[in-house]
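Have a look at the structure below, then the notes.
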Amino acid sequence: MPLYEFYCDKCQKEVSVTMSISEREKGQAACPRCGSRAMRPLMGTFFTQTSKKS
Ligand SMILES: [Zn+2]
């Protein structure tokens, strides 16, 4: 499964989350440290994703 990098607003840290693409599209990302979903995707991780679509 792909690894995604997020910035957790609650932890105020960057976290890496492993999940499937379908889980990612559903927005089910939760912080592995605190369980919060107040996470923002870091720039750069989407480049490999979006490049495949176009
Ligand atoms: Zn967190």
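The residues of the range 20-30 that are closer than 15 Å to L42 by Cα and in contact (Cβ under 8 Å) with a residue 12 or more places away in the chain, listed by number, are R24, A29, A30. Consider the chain and keep the residues that are surrounded by fewer than 10 Cβ atoms within 10 Å (Cβ to Cβ) and either of a type in the set (A, V, I, L, M) or within 14 Å of the ligand (Cβ to nearest atom) (or both). The one that is modelled with the lowest pLDDT is M43.
The values are calculated or read from the model by the stated rules, or taken from the named source; none is laboratory data. Note that the coordinates shown come from a computational prediction; the quantities given were computed from them, not determined experimentally. Cβ coordinates were reconstructed from backbone atoms using ideal geometry, including for glycine residues, and neighbour counts include every protein chain displayed.
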